[in-house]
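Undergrad: Got a structure for you, written out below as structure tokens; questions coming shortly.
The values are calculated or read from the model by the stated rules, or taken from the named source; none is laboratory data. Bear in mind the structure is a predicted one, so any value in this text is a computation, not a measurement. Methodologically, a virtual Cβ is constructed for each residue, glycine included, from the backbone with ideal geometry; neighbour enumeration extends over all protein chains shown.
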Amino acid sequence: MNELDAVIKRLRHLSEYKVADVLQEMPLTITEQGNSSQAIANQVRTLLSEGKMHQNSHWAAHMTAAVPTESIVGQLLSNHHNGNLLSPELYPTLNKIKQQTLDWLCQLFEQSHGHFTSGASYGNLEALWQAKQQYPRRDTVFAAETAHYSIDKACQILGLKLQTIATDDEDKIALEPLRKACEITAPLAIIATAGTSASGAFDPLDDCIQIAQEFDAWCHIDAAWGGYLKLLPERNAIFGQRLSQANSLCFDPHKAWAQPKPSSVLLYNQPAGPMMSFEADYLQHQPDSRLSGSQGGEAFLPLWLTLVSSGINSLRRDSQHALEQAQCFTTFLTEQTNRPIYSSPSGIVCFETEKDLQRLVQQGVLSTAKRRNKPVYRAVFIGSHVKAKALIEKLQPYL
Ligand SMILES: Cc1ncc(COP(=O)(O)O)c(C=O)c1O
């Protein structure tokens with residue numbers, strides 16, 4: 001058995017850990033002398049037990065999947081390596097792996113440049129920052145009312161105005177109101193969401209890109225959640241024909257690809273322009289003019305190790321599994337109720353019910369959200385663990 005196999009075996013053993021008998025829920029106190037090794041072991045067991053819920057086949061409340069063992073090894077490697085790519089000349093192997101992973105993602109999303117980030121909140125901020133540099137005389141950003149709140153945050157940080165646009169019956173940005181709004185105020189940027197956080201809806205990407213071009217504005221695609229569909233040939237059409245013309249796109253492997261956080265990427269279809277000027281004469285290479293500083297392999301080594309060990313197909317299979325489970329769950333709901341059900345293209349299923357399912361929300365089986373101003377329950381089908389059958393068993397006593 002090689003060393004990597006041994007590590008993977010040991011980690012699998014850890015992830016099969018039984019829920020600790022004594023749960024040490026209060027964190028240990030931070031003291032001058034430290035705590036006993038027994039107390040620390042108890043706390044570690046508690047933490048492992050807490051994280052284990054992501055492996056439950058009924059865990060569908062949020063976009064947090066069980067991390068594959070290969071990715072955990074990748075994260076450990078990254079921690080152990082601890083290099084800083086602000087000095088890439090010192091870490092030629094890590095740097096090449098970063099570029100290889102980035103090139104693969106650029107090709108997948110039809111973009112040409114980019115970098116890894118800590119999450120799509122950062123990606124959305126930087127993309128709008130770039131847009132602001134390019135269109136200094138404009139200040140209005142258009143996004144659907146269903147866009148992620150990080151767009152609002154980014155606008156507030158950058159001193160931009162966010163104008164939200166109504167959505168249609170399928171939670172997609174309504175194109176006529178968007179066009180009219182652009183006629184009244186020249187847009188700085190149009191944000192299209194590929195997989196909304198609440199219901200998983202896809203804005204019509206081609207139309208958004210085209211409208212942005214008509215009004216000479218930046219188009220950013222927030223594909224934090226739904227970007228994973230790009231790997232599935234049968235779902236590719238949802239990204240349209242113009243993806244390569246989007247100015248920027250962000251995607252979170254730490255969501256649907258079940259990677260450990262942080263794993264996110266921000267891509268551009270042109271090299272990003274300088275965003276600020278500064279000097280760092282102690283570095284051999286001038287750092288990129290973006291906000292993030294020190295960065296090792298944490299955002300890409302786990303994904304890279306999954307890709308080189310299990311292959312692209314393993315990501316594809318897990319995604320297809322999740323979508324099949326979403327379909328099964330939708331079929332079940334359709335047979336049970338005539339209240340509205342919304343089964344998105346990206347594996348999030350929302351449904352209305354008069355039943356009180358708060359207990360299932362507390363157990364991490366479902367979450368709550370709003371669709372078209374109505375409260376709904378929401379199930380997120382993610383990774384290889386979540387099973388429609390397990391959700392149905394949990395739900396049946398309430399129906
Ligand atoms: C569509 C969308 N955009 C952006 C974000 C923010 O991502 P992160 O938590 O990685 O910053 C999320 C998070 O759920 C999201 O669903």
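Undergrad: Please list, ordered by first then second residue, the pairs with beta carbon atoms under 6 Å, 6 or more apart or interchain, first in segment 114-143 and farther than 20 Å from SER244 by Cβ, second away from the ligand (no atom under 16 Å from the Cβ) and of a type in the set (Ser, Thr, Tyr).
TA: THR140/THR185
Undergrad: State yes or no: is LEU323 away from the ligand (no atom under 16 Å from the Cβ) and either in a loop (DSSP other than H, G, I, E, B) or not assigned by TED's automatic domain parsing to the domain that holds ILE191 (or both)?
TA: So LEU323 fits the description; yes.
Undergrad: From the residues in segment 27-69 that are in a helix (DSSP H, G or I) and of a type in the set (Ser, Thr, Tyr), which one is nearest to GLY195 (Cα to Cα)? Even if it seems obvious, please write down each step before you answer.
TA: Filtering segment 27-69 for residues in a helix (DSSP H, G or I) gives 37-55, 69.
In the following step, the residues that additionally are of a type in the set (Ser, Thr, Tyr) were identified as 37, 46, 49, 69.
Details: SER37: 45, THR46: 34, SER49: 30, THR69: 27 Å.
In this case the residue turns out to be THR69.
Undergrad: Name the one entry in ALA246, ALA223, ALA272 that is closer than 21 Å to GLY114 by Cα, over 18 Å from the mean Cα position of the chain (by Cα) and at pLDDT 95 or above.
TA: Only one candidate passes the filter, namely ALA246.
Undergrad: So which residues in segment 33-76 are surrounded by fewer than 16 Cβ atoms within 10 Å (Cβ to Cβ) and within 16 Å of the ligand (Cβ to nearest atom)?
TA: Answer for segment 33-76, where residues must be surrounded by fewer than 16 Cβ atoms within 10 Å (Cβ to Cβ) and within 16 Å of the ligand (Cβ to nearest atom): just HIS62.
Undergrad: Does LYS18 satisfy the criteria of being among the basic types (Lys, Arg) and either modelled with pLDDT of 95 or more or part of a helix (DSSP H, G or I) (or both)? Can you show your working first?
TA: Values: among the basic types (Lys, Arg): yes; either modelled with pLDDT of 95 or more or part of a helix (DSSP H, G or I) (or both): no.
So LYS18 does not fit the description; no.
Undergrad: For segment 239-264, give me the residue count where each residue is crowded, with 17+ Cβ neighbours inside 10 Å and in a helix (DSSP H, G or I).
TA: 2
Undergrad: Name the single residue that is modelled with the lowest pLDDT among those in segment 113-157 being of a type in the set (Ser, Thr, Tyr) and more than 12 Å from the ligand (Cβ to nearest atom).
TA: Taking segment 113-157 first, the residues of a type in the set (Ser, Thr, Tyr) are 117-118, 121-122, 135, 140, 146, 149-150.
Still in the list and also more than 12 Å from the ligand (Cβ to nearest atom): 135, 140.
Details: TYR135: 95, THR140: 98.
Filtering first and then ranking leaves TYR135.
Here's the yes/no breakdown for (1) closer than 29 Å to ARG137 by Cβ; (2) touching a residue at least 24 places away in the same chain (Cβ under 8 Å); (3) not assigned by TED's automatic domain parsing to the domain that holds ASN247:
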{"site": "ILE165", "(1), (2), (3)": "yes, no, no"}
{"site": "ARG179", "(1), (2), (3)": "yes, yes, no"}
{"site": "ALA192", "(1), (2), (3)": "yes, yes, no"}
{"site": "GLY195", "(1), (2), (3)": "no, yes, no"}
{"site": "SER199", "(1), (2), (3)": "no, yes, no"}
{"site": "PRO204", "(1), (2), (3)": "yes, yes, no"}
